[in-house]
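So the structure is just underneath, and the comments pick up after that.
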Amino acid sequence: MNNCLKPTRTVLMAVGSFNPPTNMHLRIFELAKDFLQKNDHEVLGGIISPVHDQYGKKGLVSANHRCTMLKLAVETSNWINVSEWETQQEGWSRTAESLQFHKKALNDVNSEYNWAKKIQGNLLDREFPLNINLKLLCGADLIESFAVPGLWKDEDIENIVSNYGLVVISRSGSNPQQFIYESDLLTRLQRNISIVPEWITNEISSTKIRRALGRGESVRYLTSDSVLNYIQTNRLYIQ
Ligand SMILES: Nc1ncnc2c1ncn2[C@@H]1O[C@H](COP(=O)(O)OP(=O)(O)OP(=O)(O)O)[C@@H](O)[C@H]1O
Ligand SMILES: NC(=O)c1ccc[n+]([C@@H]2O[C@H](COP(=O)(O)O)[C@@H](O)[C@H]2O)c1
Ligand SMILES: [Zn+2]
């Protein structure tokens with residue numbers, strides 16, 4: 001919330017494997033946008049930032065495939081974009097580093113990145129400074145991973161929540177309110193965390209899509225037909 005008349009200019013960024021992209025990956029952006037627009041934010045755009053190959057998660061297909069699938073998935077959206085920046089670095093980037101890079105590029109009027117130009121183009125005026133805020137959008141399982149020992153630096157969690165802000169979409173099997181209550185750090189920073197309930201609950205996950213594909217079962221309507229055609233043409237996720 002801000003106290004002046006203008007709504008806060010906000011961009012949402014989701015990080016993850018997107019292995020493969022699912023309809024829920026796009027849904028979380030729609031849910032977050034609706035929520036923020038009712039709460040005094042002007043949502044200028046969304047960015048999906050797939051993780052580097054060196055993240056090394058079991059079964060992760062190449063960034064080349066994941067970026068191509070994501071670009072196919074967002075073809076139906078006029079506001080969600082794909083950033084390949086993380087995948088183009090020497091190695092894995094911490095989420096705090098990725099947020100820092102993307103926020104800087106979004107506020108740079110001379111940015112060379114297409115997603116930055118497109119999002120800036122949604123501004124009615126391009127008064128300098130652009131004052132575009134970036135928030136991390138995630139499902140409740142990602143915030144719960146903050147508690148995994150050694151996975152996230154405390155200083156990164158503090159930086160992400162206090163300098164960017166979090167929008168957390170509830171996911172079955174997780175309880176983000178309780179998780180925040182159990183963390184002194186997150187309780188202190190609570191006003192920068194928005195929890196958005198997903199009332200039309202849906203269990204779609206990339207893991208379940210990979211499992212079904214591995215078993216030769218249909219995954220139609222869990223992801224877009226364009227992504228599905230790409231998976232089939234390139235024979236991905238079959239053992
Ligand atoms: N059904 C869902 N509800 C809420 N958030 C989701 C859902 N599916 C994915 N997300 C969120 O999307 C982001 C990217 O997640 P990720 O690429 O890990 O997808 P996933 O479906 O969880 O995949 P996997 O099963 O491989 O872990 C994360 O913040 C995750 O919490
Ligand atoms: N310390 C960190 O910044 C940190 C730790 C663990 C995961 N992450 C990110 O969270 C995402 C997790 O993705 P998955 O849920 O697909 O494993 C990835 O984008 C990864 O880079 C960041
Ligand atoms: Zn996941």
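General remarks:
- Calculated FRET efficiency for the pair E198/K58, C-beta based, R₀ 35 Å, to 0.05: 0.85
- Summing charges over neighbours of I169, with a neighbour being any other residue whose Cβ is under 14 Å away from its Cβ, gives -2 when K and R count +1 and D and E count -1.
- With a cut-off of 15 Å between beta carbons, the residues surrounding R188 carry a summed charge of -4, where Lys and Arg count +1 and Asp and Glu -1.
- Centre separation in Å (Cα based) which lies between segment 128-171 and segment 1-74: 13 Å
- Average Cα contact separation per residue, the chain, under 8 Å, 6 or more apart, as relative contact order %: 23 percent
- In summary, the aspartates and glutamates within cross-link reach of K6, defined as a Cα separation below 16 angstrom excluding same-chain residues under 8 places away, comprise D40, E42, D125, E127.
- The length gained by stretching the chain between D225 and L151 to full extension, at 0.36 nm per residue less their Cα-Cα distance, is 23.2 nm.
- Positive minus negative residues near D225 (Lys, Arg vs Asp, Glu; Cβ under 15 Å): +1
- Helix-only mean residue ellipticity at 222 nm for the chain, each DSSP H run of n ≥ 4 adding -39500 (n - 2.57), per residue, nearest 500: -10000 deg cm²/dmol
- Segment 157-198: C-alpha gyration tensor shape, a/c 1.5 cut-off, then a/b vs b/c: oblate
- Computed from point charges on the beta carbon alone (+1 for Lys and Arg, -1 for Asp and Glu), the dipole magnitude for segment 138-221 about its Cα centre is near 500 Debye.
- Mean Cβ neighbour count within 10 Å, used as a protection proxy, ranking 82-95, 16-29 highest first: 16-29, 82-95
- Remark: the chain carries 54 Å² of accessible area per residue (probe radius 1.4 Å; ligands, DNA and RNA excluded).
- With 30 Å as the limit on Cα-Cα distance, the pairs of K135/K208; K58/K117; K38/K104; K57/K153 that go past it are K58/K117.
- Length gained on full extension, L185 to E127, computed as 0.36 nm times the residue gap minus the Cα-Cα distance: 17.3 nm.
- Overall, the accessible surface of the chain at a probe of 1.4 angstrom is composed of carbon and sulfur to the extent of 48 percent.
- Peptides 114-120, 73-79 ordered by packing proxy, namely the average of other Cβ atoms within 10 Å per residue, highest first: 114-120, 73-79.
- Positive-end ranking of S77, Q100, S111 along the dipole of segment 72-113, with charges on Cβ about the Cα centre, is headed by Q100.
- Placing +1 on each Lys and Arg Cβ and -1 on each Asp and Glu Cβ, with no other charges, gives the chain a dipole about its Cα centre of roughly 540 debye.
The values are calculated or read from the model by the stated rules, or taken from the named source; none is laboratory data. Computed from a predicted structure; not experimentally measured. Quick reminder, even Gly has a Cβ in these numbers, built from the backbone with ideal geometry, and neighbours come from all protein chains shown. These area figures cover heavy atoms from the full protein model, side chains too; ligands, DNA and RNA do not enter into them. Shrake-Rupley method; radii C 1.70, N 1.55, O 1.52, S 1.80 Å.
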